[in-house]
1. Between Gln357 and Ala210, what length in nm is gained on full extension when 0.36 nm per residue of separation is reduced by their alpha carbon distance?
2. From a point 7 Å beyond the Cα of Leu16 in the direction of its Cβ, which residues of the range 351-375 have a backbone N at a distance under 14 Å?
3. Would you mind checking the range 243-274 for residues with the amide N under 12 Å from a putative spin-label position 7 Å along Cα→C-beta of Tyr221?
4. Give the calculated FRET efficiency between Ala314 and Leu388 to the nearest 0.05, with a Förster radius of 30 Å applied to their Cβ-Cβ distance.
5. Select from the range 41-78 those trypsin sites (Lys or Arg not before Pro) which occupy a DSSP coil region and have at most 13 other Cβ atoms within 10 Å, ordered by residue number.
Amino acid sequence: MLSLRLARGAHPLVLLRRLLVAAAAAGVGFLLLCTLGYAVAHPKATGQSIVRLVWCAVPLAAVVQFALAVARTDPSTRPRAGLDAAGLGPVRMSLLAAASTAISCTLGSGVALLVCLELRGDLGGTPLSGSAERLLDGQAHLPWGATLTLLGLLPVLASATCAVALRPRREAAAPAPPVDPEAETEAPAPKPAVPPTPKPVYTGLPWGIAIISVGLAMEAYVGRGPAPDPDTLLSLPGRTDGASPGVIGGWLLASLGLVLAGPGLTHWCGVLLSAGRPGAVRLLAGRILQDAATRIGRPLGVLCAVASGALAAAELYGAAWEGSGPRPFGPLTGLGAALVMACVTATAITAALDSRQSRTGTTAALQRLGLPASMLRGAAVLRTCVLLAVLTPLTWAIAELAALPMTR
């Protein structure tokens, strides 16, 4: 009830974000129901049903990440002073954020169920009833147990992720010095405990580069090796030959490396901007990038990984898109790809807005000192241009190298 009251009195932009989460959840629920309908209508095509279900994991993960970003930036679920007396401490606020996320995802799943049943012709009563019966395998009835299980998967995963990621973390206290029994009775006063030094954000960059190298090397090694057993090939949408598990695994490793390297790349972009004798705009842009590397680096890494996958798919299916072959993607595959791209883009934008909101006090102090607004806008444009100049060619190069073994 408290989550519903907070949602009713929230800012319109916050409500819009929650509605976007519900819409994304509806898209994932629709894809899962379509996969279930195919499995029920084709009981002998077990392999194809499993492949369709596995491909649904990518949109599912993208929506969970987007839901976490929205919950992290929701002002109504942030710990504030004075709420402990009302029983709303940091732990309860994190649980409140998880409950709000579960409500949004459940709403989207319910909409997906209604739309899918209507398009399959199970409800009737509207002009759209049964309009997609063949596409959604409407001739076979959906089992309610499996339907509710699949639709409940996203709310459970999203709320659990929010509860774990937003839980309060205690700083580790410094270990007490050992007591010497032969020491004097009047010992000096103990020094105050020093909080642990936070790990730099760029420590993940070497690991990311290493994982990218391992993934590309695995693809190259498997691609140059002997032809694998046809029974071990993994099916790809629109292709009859399939792909080796080693090639797919190398592709996934390269994408994981991009995600891990995102914060480090963002930090060193800021260092590059601040190098030498920077002017006021360049120094401000570089310092802001270094400070925001943790907030925006990981979503940018995910966005680059998805973009590299999209570019590799365009390279892989280029002949079919040009009209010289059969169409590789159906409407449901296009829906999943559009959902993933929209979610990761919205997550990156949400992280950027959250980073800007966290600098409100600093920006106000700079403006009181006489810093013109044009300089702040120039710093924002400069940050964006530097990130595009660094991440765009890297994403394109990884996509080309990842698609090379599969286009031979």
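1. Here the segment from Gln357 to Ala210 would lengthen by 49.5 nm.
2. Under cut-off, by backbone N: 353-354.
3. Counting only backbone N, you get 246-247, 250.
4. Details: r = 19 Å, r/R0 = 0.64.
Efficiency for this residue pair is about 0.95.
5. Here the sparse-neighbourhood loop sites are Lys44.
Quick note: the coordinates plus some simple rules give every number you see, no bench work behind them. Values in this document were obtained by computation on a predicted structure and should not be read as measured data. For neighbour counting, all protein chains shown are included, and Cβ atoms are generated from backbone atoms with ideal geometry for every residue, glycine included.
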